[in-house]
Amino acid sequence: MDHFDYRNGVLHAEDVPMSAIAEAVGTPVYIYSRATLERHAQVFRDALSAIPNKHIAFAIKANPNLAVLKVLAKQGYGADIVSGGEMKRALAAGMAAHDIVFSGVGKTRIELREALESGVGQFNIELEEEGVALAEIAASLGMTATAVLRVNPDVDAGTHAKISTGMKENKFGVPIDEAGAIFTRLAALPGLAMRGLALHIGSQLFDFGPIEAAYAKVGALALDLRAQGQDIDRVDLGGGLGVPYERGKVPPTPADYGAMVERVTRGWGLKLMFEPGRVIVGNAGVLLTRVIWVKPGVARPYIIVDAAMNDLARPAMYDAWHDFEAVAPTGARMSANIAGPVCESGDTFAVNRDIDVVKSGDLAVFRTAGAYGATMASTYNSRALVPEVMVDGDRFAVVAERVLPETLIAAERVPDFLRD
Ligand SMILES: *Cc1c(COP(=O)(O)O)cnc(C)c1O
């Protein structure tokens, strides 16, 4: 459930009409609802109420905006980070360092050192060489790094290939049949406290079959290692829960997920870690856009909007669906393609879509744009970097400014050898 609803025929974010934000900030602009973020954070936590010992870390890569992180920090969420930059954001938002989990297949030695010095609570090791490096750096600082080993359970998550991470040919984790030996070697190193295993098999998961199989495999390995005397106290179950992008295609709920986790992990006696991203922020954001032109096409018109693939990359990158709705629909419908201004055919948001009738100048939104939206934005075609707004009841604030081409140009240099 979200707080983007029509009132008197106009789409609102909580108590604010979209048109008011468009007027104040311009378009395109991402709009987040604080109440929706809070609700999702609570629903996910409530869904895990039967899990006695747990830690929830929001996967920052889904939406790293400082204001969004602040809302989640107030909800008691920690952070799952994949870079030194994300660590800086988590700390800036007031998240405690010991609540931060450092994931990612390519952490540099510099990032590992900075994270250790900042007191990051857990390192999710992706390969043996990384673990050896982390042990050396920690020992040289007179510290002990708390770590888990990310296991690749070799299951097909059944999601889009670009967001599938748990098959053995993917770049993530160590093969499950080698994980026990690697864990044992790493656990013997000074500077490293190896405490458990981690997995994350993919994103936008709709089917619990693969994830359940993966949890069971990794849990069995963790219990096996503990039986061998290893000091295992946790398993990090990753993220990946799907959200409804398209009306009628409904993923399992957080409650369904919580019940599944409780059933699969019963009796493990371990702390469980969770890294939700999309399910927390996806439906808490929309991308507000204005129709520039309605261009006649061969079979149907192209709705050319002022948002483009540089603002919302998911359709171009993953063939992703985002519902498109007029801010003030008349009730009439049309069949159209929806595209942005970028000079790429891939800059197409929808093909042959049944949508509200819109005309030049009308406002519309792409729904479910709070996850992997603004965070993936670029300035391709020398477009401005898209701004972000947060709504809280009847007020709203710009939480990321539009970065104008002038600002980007000012960061560039023409070298002396090109000066006339
Ligand atoms: C991306 C990612 C997540 C979050 O995935 P969602 O599908 O957004 O929930 C969690 N853990 C790791 C390691 C990730 O890479």
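Only the coordinates and a few stated rules stand behind these numbers; no lab work does. If you're wondering where the values come from, they're calculated on a predicted model, not measured in any experiment. When we count neighbours, we look across all protein chains shown, and the Cβ atoms used for this are built from the backbone with ideal geometry, even at glycine.
For E114 and R266 in one chain, what is 0.36 nm times their gap in residues minus the Cα-Cα distance, to one decimal in nm?
Numbers: separation 152, 0.36 × 152 = 54.72 nm, distance 3.65 nm.
51.1 nm is the gain from fully extending E114 to R266.
Spatial offset of the stretch 203-271 relative to the stretch 370-420 amounts to 37 Å, using the alpha carbon center of each.
For the stretch 128-184, just say rounded, prolate or oblate: build the C-alpha gyration tensor, square-root its eigenvalues into a ≥ b ≥ c, call rounded for a/c under 1.5, and beyond that prolate if a/b exceeds b/c, oblate if not. Please report the intermediate quantities before stating the final value.
Numbers: a/c = 3.56, a/b = 2.30, b/c = 1.55.
In terms of gyration-tensor shape, prolate.
Neighbour counting of Cβ atoms within 10 Å sorts the residues I163, I409, fewest neighbours leading, into I409, I163.
Counting pairs of Cα atoms in the stretch 159-222, how many percent are more than 20 Å apart? Result: 34 percent of Cα pairs exceed 20 Å.
Counting only lysines at least 8 places from K271 when in the same chain, those with an alpha carbon closer than 23 Å to its own are K54, K74, K217. Taking θ as phi - 60° and the Karplus parameters 6.51, -1.76 and 1.60, the scalar couplings of the stretch 16-27 work out to 10, x, 4, 4, 5, 6, 4, 5, 7, 10, x, 10 Hz in sequence order, x denoting glycine and proline.
Near the amide H of K271, within less than 5 Å, lie the amide hydrogens of R234, V235, all on another chain or at least 5 residues away, with H placed in the peptide plane.
Rounded, prolate or oblate, given the Cα gyration tensor of the stretch 345-413, with a/c below 1.5 counting as rounded? Could the numbers behind the result be given before it?
Details: a/c = 2.04, a/b = 1.26, b/c = 1.62.
Oblate, since a/c reaches 1.5 and b/c is not below a/b.
Just to verify a number: FRET efficiency for V351 and E128, C-beta to C-beta distance, R0 = 51 Å, to 0.05? Show your work: numbers first, answer last.
Working: r = 46 Å, r/R0 = 0.90.
Efficiency computed from Cβ-Cβ geometry: 0.65.
Residue by residue, the stretch 162-171 carries 3J(HN,Hα) couplings of 6, 10, 9, 10, x, 9, 5, 7, 6, 7 Hz when phi is fed to the Karplus relation 6.51 cos²θ - 1.76 cosθ + 1.60 (θ = phi - 60°); x denotes Gly or Pro. Taking the helices alone, the chain has a mean residue ellipticity at 222 nm of -8500 deg cm²/dmol, built from -39,500 (n - 2.57) per DSSP H run of at least 4 residues and averaged over all its residues.
Report the far tail of the P(r) of the stretch 1-111, meaning the percent of Cα-Cα pairs longer than 24 Å.
Everything past 24 Å amounts to 38 percent.
For the cross-link pairs K61/K107; K61/K88; K249/K359, the ones whose C-alpha atoms lie over 18 Å apart are K249/K359. Taking amide H atoms as placed 1.01 Å from N in the peptide plane, the amide H of A307 lies under 5 Å from those of R290, each 5 or more residues away in sequence or on another chain. Using only Cα atoms and rounding to the nearest 10 degrees, what angle (0 to 90) does helix 34-47 make with the longest principal axis of the chain? Once rounded, the angle reads 40 degrees.
Alpha-carbon geometry of the stretch 34-281: the Rg and the Dmax are 17.0, 55 Å, given in that order. On the principal axes of its alpha-carbon atoms, the chain has extents of 69, 63, 42 Å, going from largest to smallest.
What does the C-alpha gyration tensor say about the overall shape of the stretch 246-337? Classify as rounded when a/c is under 1.5, otherwise prolate if a/b is larger than b/c, or oblate. Walk me through the numbers before you get to the answer.
Working: a/c = 3.29, a/b = 2.72, b/c = 1.21.
It comes out prolate by the Cα gyration axes.
Radius of gyration (Cα atoms) of the stretch 304-420, expressed as a multiple of 2.2 N^0.38 Å: 1.27.
For a modelled paramagnetic label at A216, 7 Å from Cα along Cα-to-Cβ, the residues of the stretch 151-171 in reach, with backbone nitrogen under 16 Å, are 153-157.
Size of the dipole of the stretch 34-281 about the Cα centre, Lys and Arg at +1 and Asp and Glu at -1 on the beta carbon, nothing else charged, in debye to 20? Please list the in-between numbers first.
Details: 27 positive and 28 negative charges, 160 e Å.
Dipole size: approximately 780 debye.
Between Y318, Y215, Y30, the GNM of the chain built on Cα springs shorter than 10 angstrom shows Y318 fluctuating the most.
Fully extending the segment from T184 to I292, taken as 0.36 nm per residue of separation minus the present Cα-Cα distance, adds 32.9 nm.
Determine, from the Cβ-Cβ distance of A227 and D416 and an R0 of 56 Å, the FRET efficiency 1/(1 + (r/R0)^6), rounded to the nearest 0.05.
About 0.25, to the nearest 0.05.
Coupling constants for the stretch 186-203 follow from the phi torsions by the Karplus curve (6.51 cos²θ - 1.76 cosθ + 1.60, θ = phi - 60°), and in residue order they are 5, 5, 7, 7, x, x, 10, 10, 7, 10, x, 10, 9, 8, 7, 9, x, 10 Hz; glycine and proline get x.
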